[in-house]
Amino acid sequence: MICEDRVVIVTGAGRGLGRAHALEFARHGAKVVVNDLGVSLSGEGGAQGPAQAVAEETAEEIRALGGEAVADCSDVATGEGARRLVATALDRFGRLDVLVSNAGFLRDRMLVNLSEEEWDAVTRVHLTGHFLPLKYAGLHWRAESKAGRPVDARVINTSSGAGLLGSVGQGNYSAAKAGIVGLTLVAAAELGRYGVTVNAIAPAARTRMTEQAFAAAMAVPGNGEFDAMAPENVSPLVAWLGSAESAGVTGRVFEVEGGRICVMEGFRRGPAVDRGARWDASGLGPEIAALLAAAARPEPVYGA
């Protein structure tokens, strides 16, 4: 019960990873705001009735476990929707301790076939849909801190291996997920003074968004074998990051798949050369070759 009585928002919690996170938090004693817009894999639909039904289904599962939950179908990629989502937690449970941003969908295309609308739709839900809930939760926590009330809050963002390494056919998704990492680093630096930690995960699991891309590797094992691609494998790390135990862990990105957790190290300064004066382009070739020879080779792009 490492999250007992903590109030948690999970976006995109009606299905897949979000649903698994919401249920895991509930098992550990949290009160959960289950947010889902009820859209299709490509982001279409999202009418109020279906959205409420999708979110309510997960909320009902939590209540069946003996927990407390409220369904919410706000569009977190709008300022009003994100503000209303945070207000739902405060109005229903009187506080907010954890924000898990997970909502998203796909519009995969090779770059030369990718339309502006497909680019905008994916970056909107993933990147803007992370920024706006973070903004309004941050405003609340800042106000609490300035009022002298103790804050021990957590934000867990959802990036992807595509955002960390790139993925062929997913330029929009990869760019948005890489942006989430940058947002995580900035938020960790800015919100730490108010008692907020901010981390990100890069999960691999069987969901609507991955079942076609990784179909060959995602068959469900039988005979009691460990199902390495089950979404539930990711959620214990998310619950721990949302708990009081994770105090002091901030600005980190964790890759998680099956039983494996890896701390991603991202961009770090590598080999360097300083001439102490302006370079001549014609003389850079040997210098750059020497730097690259001394540097670690980049990880391969998914699908390359």
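The values are calculated or read from the model by the stated rules, or taken from the named source; none is laboratory data. Treat the numbers as computed from the prediction; the structure is a model and nothing was measured. Cβ placement follows ideal geometry from the backbone for every residue including glycine, while neighbour counts extend to all protein chains displayed.
Being of a type in the set (Gly, Ala, Ser), under 23 Å from Tyr302 (Cα atoms) and at pLDDT 95 or above, is that true of even one residue in the stretch 186-202?
Filtering the stretch 186-202 for residues of a type in the set (Gly, Ala, Ser) gives 187-189, 192, 195, 200, 202.
From what is left, the residues that are under 23 Å from Tyr302 (Cα atoms) are 200, 202.
Narrowing the set further to residues that are at pLDDT 95 or above leaves 200, 202.
Scanning the stretch 186-202, I find at least one residue that is of a type in the set (Gly, Ala, Ser), under 23 Å from Tyr302 (Cα atoms) and at pLDDT 95 or above, so the answer is yes.
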Open item on the list: So Gly195 passes all but one of these: (1) within 18 Å of the chain's Cα centre (by Cα); (2) within 25 Å of Asp97 (Cβ to Cβ). Which condition number does it fail?
Closed with: (1)
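Return the only residue of Glu255, Glu265, Glu232, Glu245 being surrounded by 11 or more Cβ atoms within 10 Å (Cβ to Cβ), under 25 Å from the mean Cα position of the chain (by Cα), of a type in the set (Asp, Glu) and modelled with pLDDT under 95.
Working: Glu255 fails: modelled with pLDDT under 95; Glu265 fails: surrounded by 11 or more Cβ atoms within 10 Å (Cβ to Cβ); Glu245 fails: modelled with pLDDT under 95.
After ruling out the rest, the residue left standing is Glu232.
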Open item on the list: Is it the case, given these coordinates, that Glu245 is closer than 30 Å to Gly195 by Cβ and assigned to a helix (DSSP H, G or I)?
Closed with: yes
- [ ] Would you tally the residues in the stretch 181-211 being more than 25 Å from Ile2 (Cβ to Cβ) and touching a His at 6+ places or on another chain (Cβ under 9 Å)?
- [x] 1
- [ ] Specify the residue that is nearest to Phe131 (Cα to Cα); the eligible residues are those in the stretch 69-82 that are among the charged types (D, E, K, R) and buried (at least 18 other Cβ atoms within 10 Å of the Cβ).
- [x] Asp75
Task: In the stretch 171-202, the residues that are more than 13 Å from Ser159 (Cβ to Cβ) and not small (Gly, Ala, Ser) - done: Asn172, Val186, Glu190, Leu191, Arg193, Tyr194, Val196, Thr197
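Output yes when any residue across the stretch 207-223 is at pLDDT 75 or above, in contact with a helix residue (DSSP H, G or I) (Cβ under 7 Å, 6 or more places away or on another chain) and in a loop (DSSP other than H, G, I, E, B), and no when none is.
First pass over the stretch 207-223, keeping only residues at pLDDT 75 or above: none.
Within the stretch 207-223 (the criterion being at pLDDT 75 or above, in contact with a helix residue (DSSP H, G or I) (Cβ under 7 Å, 6 or more places away or on another chain) and in a loop (DSSP other than H, G, I, E, B)), the answer is no, since none of the residues qualifies.
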- [ ] Report, ordered by the first and then the second residue, all pairs with beta carbons closer than 8 Å, sequence separation of six or more or different chains, a first member in the stretch 125-149 that is closer than 17 Å to Ser159 by Cβ and among the small types (Gly, Ala, Ser), and a second member that is modelled with pLDDT of 95 or more and crowded, with 20+ Cβ neighbours inside 10 Å.
- [x] Gly129/Thr11; Gly129/Val76; Gly129/Ala77; Gly129/Ser101
Open item on the list: Condition first: over 28 Å from Gly166 (Cβ atoms) and part of a loop (DSSP other than H, G, I, E, B). Now tell me which residues in the stretch 268-303 satisfy that.
Closed with: Asp274, Arg275, Gly276, Ala277, Arg278, Trp279, Asp280
TODO: Search the stretch 89-118 for residues that are in contact (Cβ under 8 Å) with a residue 60 or more places away in the chain and farther than 20 Å from His28 by Cα and pair each with any residue that is charged (D, E, K, R) and part of a helix (DSSP H, G or I) when their beta-carbon atoms are under 8 Å apart and the residues are at least 6 apart or on different chains.
DONE: Arg107/Glu118; Arg109/Glu118
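Of these, Leu284, Leu292, which one is more than 30 Å from Ile156 (Cα to Cα), under 36 Å from the mean Cα position of the chain (by Cα), among the hydrophobic types (A, V, I, L, M, F, W, C) and modelled with pLDDT of 95 or more?
On the way: Leu284 fails: under 36 Å from the mean Cα position of the chain (by Cα).
On inspection, the qualifying residue turns out to be Leu292.
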